[in-house]
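A.B. asks: One structure follows; several queries about it will come next.
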Amino acid sequence: MKKKISRKYKWGIGLLIFYILTSWILLVPGMGIEAKLFISSADKQIQRILPKNKYILDPSSKMYEAIMTGPVKNSYIAAAVSTINFSNQDDYEKFHDQYVDFAKTWFENRWNKDLASKKAIDFNDIGIDMIAFDEAVASKFQSFGFVHTGIEWIFHPGGLGEIFSKDLQKVAETQDFVWDQKYYDDQIQVEMFPELLGLRVKDSIGSSIVNNKVWFLNQQIDSLKFVLKMDILDKPFMNKDLKTTDIVDYVQVNDLHHPDFAVSKRFMKAATINWFLSFVIGVGGTIYLVVKIKKEKQ
């Protein structure tokens, strides 16, 4: 008759399995969970500013193409370029032109087909697409880890290096910092292009992510006001009764989730170290238990 495994070894097996599973589970959040909470709060503001079916660009309007290839296209560029600290010459030279080219390509891939077919374009769809654009910029130019789960990050090419990177830790801390919004707004210099071409960022202190998003969303509110005040031109939206009084109030700093990327990255680093240890402990623990259980059964 075979001897049963004693309770203490059953407990040992259970604890070992629990530890290994927990080591994997701790990898899941990464910095991406903070990004998702922030994105959710930004999306909520977009739904408030640009509710579905309210601001639909009329393809029969003379301003249709001018608005899309002017203010809208340049908003994509401004969204990316405004996250650069212009006083950091290395970052400016490294990212500025890349951001501009990436934004232009993104816009063309997303909207050129709709423009060619004269499709009515809902500004709500533009707002949602700009969130996807922000995620793509962060993933491509800053770190894949900012907008993905830890489990995705660790297996992404270069992911391990980023997890242990001191430079990325500094970037995370910069992103987390929240300035007084009025001060931040004053540090971003923009110029308006002529003939409805939108705005261009001339100077910026970069992204503190919350301040930057508040600034950008409020720029969109100002753009709506500008368009609706232009009575000398035909009204560009399907709803011809829209007035500036229909536009919502500005976004405030506390309207958005304040992510803590720095703490999330430190946690991810610790979880990764623990994950590596789990292989050693898992193999060692398994060998130990197998040997002990075999002896017990003899």
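A.B. asks: Please name all residue pairs, on different chains or six or more residues apart, with Cβ atoms under 8 Å, provided the first residue is in the stretch 52-63 and is of a type in the set (Asp, Glu) and the second residue is assigned to a loop (DSSP other than H, G, I, E, B) and surrounded by 15 or more Cβ atoms within 10 Å (Cβ to Cβ).
C.D. replies: ASP58/LYS235; ASP58/PRO236; ASP58/MET238
A.B. asks: Which one of ILE121, ILE131, ILE126 is among the hydrophobic types (A, V, I, L, M, F, W, C) and surrounded by fewer than 20 Cβ atoms within 10 Å (Cβ to Cβ)?
C.D. replies: Unique residue meeting the criteria: ILE131.
A.B. asks: Also: Counting only residues that are under 16 Å from ASP134 (Cβ atoms) and in contact (Cβ under 8 Å) with a residue 60 or more places away in the chain, how many does the stretch 65-123 have?
C.D. replies: Residues that pass the stated criteria total 11.
A.B. asks: Out of (1) part of a helix (DSSP H, G or I); (2) out of contact with any strand residue (DSSP E or B) (no Cβ under 9 Å at 6 or more places or on another chain); (3) surrounded by 11 or more Cβ atoms within 10 Å (Cβ to Cβ); (4) modelled with pLDDT of 90 or more, the odd one out for VAL280 is which?
C.D. replies: Result: VAL280 passes all but (3).
A.B. asks: Could you look through the stretch 160-187, keep only residues that are of a type in the set (Asp, Glu) and surrounded by 17 or more Cβ atoms within 10 Å (Cβ to Cβ), and pick out the one that is nearest to ASP203 (Cα to Cα)?
C.D. replies: Among residues in the stretch 160-187 that are of a type in the set (Asp, Glu) and surrounded by 17 or more Cβ atoms within 10 Å (Cβ to Cβ), the one nearest to ASP203 (Cα to Cα) is ASP176.
A.B. asks: Can you find, within the stretch 42-65, the residue that is nearest to the chain's Cα centre (by Cα) among those that are surrounded by fewer than 17 Cβ atoms within 10 Å (Cβ to Cβ) and in a helix (DSSP H, G or I)?
C.D. replies: Applying the filter and picking the extreme gives ASP43.
A.B. asks: So MET238 fits all but one of (1) touching a helix residue (DSSP H, G or I) at 6+ places or on another chain (Cβ under 9 Å); (2) surrounded by 17 or more Cβ atoms within 10 Å (Cβ to Cβ); (3) more than 19 Å from PHE133 (Cα to Cα); (4) among the aliphatic types (A, V, I, L, M); what number is the exception?
C.D. replies: It is condition (1) that MET238 fails.
A.B. asks: How many residues does the stretch 178-187 contain that are outside any helix (DSSP H, G or I) and in contact with a helix residue (DSSP H, G or I) (Cβ under 6 Å, 6 or more places away or on another chain)?
C.D. replies: So the answer is 2.
A.B. asks: In the stretch 142-163, how many are touching a residue at least 24 places away in the same chain (Cβ under 8 Å) and out of contact with any Ser or Thr (no Cβ under 9 Å at 6 or more places or on another chain)?
C.D. replies: 3
A.B. asks: Among the listed residues GLN169, GLN175, identify the single one that is in contact with a Pro (Cβ under 8 Å, 6 or more places away or on another chain), part of a helix (DSSP H, G or I) and under 20 Å from ALA35 (Cα atoms).
C.D. replies: GLN175
A.B. asks: Would you be able to say whether some residue in the stretch 169-179 is without any contact (Cβ under 8 Å) to a residue 24 or more places away in the chain and farther than 17 Å from VAL72 by Cβ?
C.D. replies: yes
A.B. asks: Continuing with this model, one more query. Scan the stretch 134-159 residue by residue and report those that are under 30 Å from PRO236 (Cβ atoms) and either touching a Lys or Arg at 6+ places or on another chain (Cβ under 8 Å) or buried (at least 19 other Cβ atoms within 10 Å of the Cβ) (or both).
C.D. replies: ASP134, VAL137
A.B. asks: In addition: Take LEU289 and tell me if it is surrounded by 13 or more Cβ atoms within 10 Å (Cβ to Cβ), under 19 Å from the mean Cα position of the chain (by Cα) and aliphatic (A, V, I, L, M).
C.D. replies: Spelling it out, it is not the case that LEU289 is surrounded by 13 or more Cβ atoms within 10 Å (Cβ to Cβ), under 19 Å from the mean Cα position of the chain (by Cα) and aliphatic (A, V, I, L, M).
A.B. asks: Go through the stretch 137-151 and report how many residues are more than 18 Å from ALA270 (Cβ to Cβ) and assigned to a helix (DSSP H, G or I).
C.D. replies: 9
A.B. asks: Among the aliphatic types (A, V, I, L, M) and either under 28 Å from GLN175 (Cβ atoms) or assigned to a loop (DSSP other than H, G, I, E, B) (or both) - does that describe any residue in the stretch 93-100?
C.D. replies: There is at least one residue in the stretch 93-100 that is among the aliphatic types (A, V, I, L, M) and either under 28 Å from GLN175 (Cβ atoms) or assigned to a loop (DSSP other than H, G, I, E, B) (or both).
The values are calculated or read from the model by the stated rules, or taken from the named source; none is laboratory data. Predicted, not measured: the structure shown is a model, and the values here were computed from it. Note that we place each Cβ from the backbone using ideal geometry, even for glycine, and neighbour counts take in every protein chain shown.
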